[in-house]
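Have a look at the structure below before the remarks.
The values are calculated or read from the model by the stated rules, or taken from the named source; none is laboratory data. Predicted model only: the values in this text are computed from it and were never measured. Cβ atoms come from the backbone with ideal geometry, glycine included; neighbour counts cover every protein chain shown.
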Amino acid sequence: MEFWYTEQHTPDVRFSIRVDHQLYSGQSEFQRIDVFESPEFGRFLTLDGYMMLTEKDEFIYHEMITHVPMCVHPEAKDILVIGGGDGGTVRELLRYPTIRRIDLVEIDEMVVDVCREYLSSTASGLSDERVSIHYEDGLRFVRKPIDAYDLIIVDSTDPFGPGEGLFTKEFYGNCFKALRSDGIMINQHESPFYEQDAYAMQRMHQRIVHSFPFSRVYQVHIPSYPSGHWLFGFSSKNRRPVEGVDFARWKSLGIKTRYYNTKLHAAAFALPNYVEEILEDVEPQC
Ligand code: SAM
């Protein structure tokens, strides 16, 4: 008998992956956690039945959420990651010897434990001495720090369940305060493609543009996510994501990547017209 994992992407669209077997299933205080083994995508993690990452395409997500801001702000030393208990974002950050401290704020300790056991390819860096893990709600955590971080990466679940607070004005306002004067916030910005996702992404953009003087969105292709067309938000106090960026400096670091490169970095900020329109509809008119 065949065993398939199916995620409902819209009421009329489903996405399925054939599964060899289930490696783990458990219920934490916050969500249901499952890990599967599949022939095409390798191991993959779902939370409450929603795809979080697969071994086959997680490099795209984690490289693009990390190397874009690190190329723009190569002096970034103190980093806050909110969510991201699988460790993929931390793994990419640890490739920069210049980074001094990474605070990882993950609400659910069980996600970290499960990833350490079943997804060592992403979780391997979580025990690094530069990493401090805080098992806390990111919404609460960012109420305290002021002028403390060079980069905040919001590597969250979707805007419902435990992740809901990470999509609020209060949260973005506190991220702004927690950042230094040349700091950057990157957030997973959902998808512009299906109507309901596009609506959530637009609301998020509306809140962010009111919290930061500069906000843009960039795109990536993630085959296991709804529609495959995914966005990240880039918000800052003064830095621009392409203009004036020293791309040669990033290249000189010799970091070997599979998806990210500096040409793609610049190109990722060029958006299709329909996405620009969704964003412009909620941007303040000058
Ligand atoms: N890196 C993954 C990917 O490739 O899409 C995605 C996300 S990661 C597993 C999302 C994490 O955010 C989950 O482990 C979840 O427990 C965590 N999370 C959700 N809400 C949170 C909150 N309010 N504070 C901190 N972490 C939260």
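Answer yes if at least one residue in the range 18-25 is out of contact with any strand residue (DSSP E or B) (no Cβ under 6 Å at 6 or more places or on another chain), charged (D, E, K, R), loosely packed, with under 13 Cβ neighbours inside 10 Å and outside the structural domain of Ser227 (by the TED database), and no otherwise.
no
Between a residue in the range 157-168 that is more than 21 Å from Gly88 (Cβ to Cβ) and any residue that is more than 10 Å from the ligand (Cβ to nearest atom), which pairs come within a Cβ distance under 8 Å, given they are 6 or more apart or on different chains?
As it stands, the answer is Thr168/Arg207, since those pairs meet every condition given.
What number of residues within the range 215-252 are surrounded by 15 or more Cβ atoms within 10 Å (Cβ to Cβ) and farther than 30 Å from Asp12 by Cβ?
The total comes to 12.
Of all the helices (runs of 4 or more DSSP H) wholly in the range 244-286, which have at least 1 residues that are among the basic types (Lys, Arg)?
By residue number, 247-252, 262-268.
Only one of these is closer than 21 Å to Phe171 by Cα, basic (Lys, Arg) and surrounded by fewer than 18 Cβ atoms within 10 Å (Cβ to Cβ): Arg95, Arg100, Arg140, Arg130. Name it.
None of the other options fit; the residue is Arg140.
Taking the stated definitions as given, is Asp246 farther than 22 Å from Ile278 by Cα, of a type in the set (D, E, K, R), away from the ligand (no atom under 16 Å from the Cβ) and touching a Lys or Arg at 6+ places or on another chain (Cβ under 8 Å)?
no
Among residues belonging to the range 54-73 that are over 16 Å from Arg101 (Cβ atoms) and in a loop (DSSP other than H, G, I, E, B), point out the one that is nearest to the ligand (Cβ to nearest atom).
Asp57
Could you please let me know if Asp128 is farther than 23 Å from Glu37 by Cα, touching a strand residue (DSSP E or B) at 6+ places or on another chain (Cβ under 6 Å), away from the ligand (no atom under 11 Å from the Cβ) and of a type in the set (Asp, Glu)?
no
Are there any pairs with C-beta distances below 7 angstrom linking a residue in the range 56-69 that is in contact (Cβ under 8 Å) with a residue 40 or more places away in the chain to a residue that is part of a helix (DSSP H, G or I) and more than 8 Å from the ligand (Cβ to nearest atom), with the two at least 6 apart or on different chains, and if so which?
Cβ pairs passing all conditions: His62/Arg91; His62/Glu92; Glu63/Glu92; Thr66/Glu92; Thr66/Leu93; His67/Glu92; Val68/His265.
Looking only at residues in the range 162-189 that are in contact with a strand residue (DSSP E or B) (Cβ under 7 Å, 6 or more places away or on another chain), closer than 15 Å to Ile146 by Cβ and not aliphatic (A, V, I, L, M), which one is surrounded by the fewest Cβ atoms within 10 Å (Cβ to Cβ)?
Looking at the filtered set, the residue picked out is Arg180.
Which condition does Asp48 not pass, out of (1) assigned by the TED database to the domain that holds Asp155; (2) under 16 Å from Gly161 (Cβ atoms), if it passes all the others?
It fails just one condition, (1).
Is it the case, given these coordinates, that Glu40 is among the charged types (D, E, K, R), over 26 Å from Arg180 (Cβ atoms) and within 8 Å of the ligand (Cβ to nearest atom)?
No; evaluated as a whole, the condition is false for this residue.
Does the range 96-116 contain any residue that is within 23 Å of Ala248 (Cα to Cα), touching a residue at least 60 places away in the same chain (Cβ under 8 Å) and more than 16 Å from the ligand (Cβ to nearest atom)?
Yes.
Just one of (1) farther than 28 Å from Ser227 by Cα; (2) touching an Asp or Glu at 6+ places or on another chain (Cβ under 7 Å); (3) not assigned by the TED database to the domain that holds Tyr218 trips up Ala76, so point out which.
In the conditions (1) farther than 28 Å from Ser227 by Cα; (2) touching an Asp or Glu at 6+ places or on another chain (Cβ under 7 Å); (3) not assigned by the TED database to the domain that holds Tyr218, Ala76 misses (3) alone.
Among residues belonging to the range 74-95 that are part of a loop (DSSP other than H, G, I, E, B) and within 11 Å of the ligand (Cβ to nearest atom), point out the one that is nearest to the chain's Cα centre (by Cα).
Out of the qualifying residues, it is Gly84.
Would you pick out the residues in the range 131-152 that are near the ligand (Cβ under 10 Å from one of its atoms) and either touching a residue at least 40 places away in the same chain (Cβ under 8 Å) or among the charged types (D, E, K, R) (or both)?
Glu136, Asp137, Gly138, Arg140, Phe141, Val142
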